[in-house]
1. Any idea what the relative contact order of the chain is, in percent, if you count C-alpha pairs under 8 Å spaced at least 6 apart?
2. Mind checking the full-extension length gain between I99 and R63? Use 0.36 nm per residue of separation minus the Cα-Cα distance, one decimal, nm.
3. For the stretch 21-91, what % of the accessible area comes from carbon and sulfur atoms, probe 1.4 Å?
4. May I ask you to give the solvent-accessible area per residue for the stretch 21-79, in square angstrom, as obtained with a 1.4 angstrom probe?
5. Given the stretch 15-99, what whole percent of its Cα pairs are spread farther than 14 Å?
6. Between L18 and D91, what length in nm is gained on full extension when 0.36 nm per residue of separation is reduced by their alpha carbon distance?
7. When the scattering of the stretch 1-45 is computed by the Debye formula from its Cα atoms alone, each counted once and equally, what is log10 I(q)/I(0) at q = 0.25, 0.27, 0.28 Å⁻¹?
8. I'd like the distance between the alpha-carbon centres of the stretch 68-99 and the stretch 1-65, rounded to an integer number of Å.
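The values are calculated or read from the model by the stated rules, or taken from the named source; none is laboratory data. Please read these numbers as outputs of a predicted model, since none were measured by experiment. Counting neighbours? That spans all protein chains shown, and the Cβs are built from the backbone with ideal geometry, glycine included. Only protein heavy atoms, including side chains, enter the accessible area calculation; ligands, DNA and RNA are left aside. Shrake-Rupley method; radii C 1.70, N 1.55, O 1.52, S 1.80 Å.
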Amino acid sequence: MSGRFDIVALPIENLTLLQRKPLGDGRGYLERMFCLEELGSVLMDRNIVQINRTLTSKRGTVRGMHFQYSPHAETKLVSCLRGEVFDVAVDLRRTSQPI
C-alpha cells in the first residue's frame, strides 16, 4: 500500500506540503492525520510535542505570523479541517532567495 500522504517539497528550504490521501468507501472515509513513521523524513530530528486546534468563524479573518529563535523555535503543521485556508510562509534567512 502506498503512503497515506503525498509529501511535496516547496521552493522555500524546509517548507513542505503534506497532502493527506483518505481511504473511502460507501460508508465514508478514514484520513490519517499524522503518522510518525510516514512523516519521519519530513520531521527529521524534530518532535511534535503539542497540537492545537483553532476555530476561525468569520471569513476573511487574518491571524498573526509567528517567529521564534532557537531554542524556542517550533515546527508548524497547519491543517484545514473544513473550508479553506490561505497560509503564508516567509523566509527571513539572510541566505534566502526570491522565488
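1. For the chain, the relative contact order is 19 percent.
2. Roughly 10.6 nm would be gained on extension.
3. 52 percent
4. Spelled out: the 1.4 Å probe surface of the stretch 21-79, per residue, equals 99 Å².
5. Summing the P(r) of the stretch 15-99 above 14 Å gives 76 percent of all pairs.
6. Taking 0.36 nm per residue and subtracting the Cα distance, the gain is 24.4 nm.
7. For the stretch 1-45 at q = 0.25, 0.27, 0.28 Å⁻¹, log10 I(q)/I(0) is -0.94, -1.03, -1.08.
8. Answer, in whole Å: 13.
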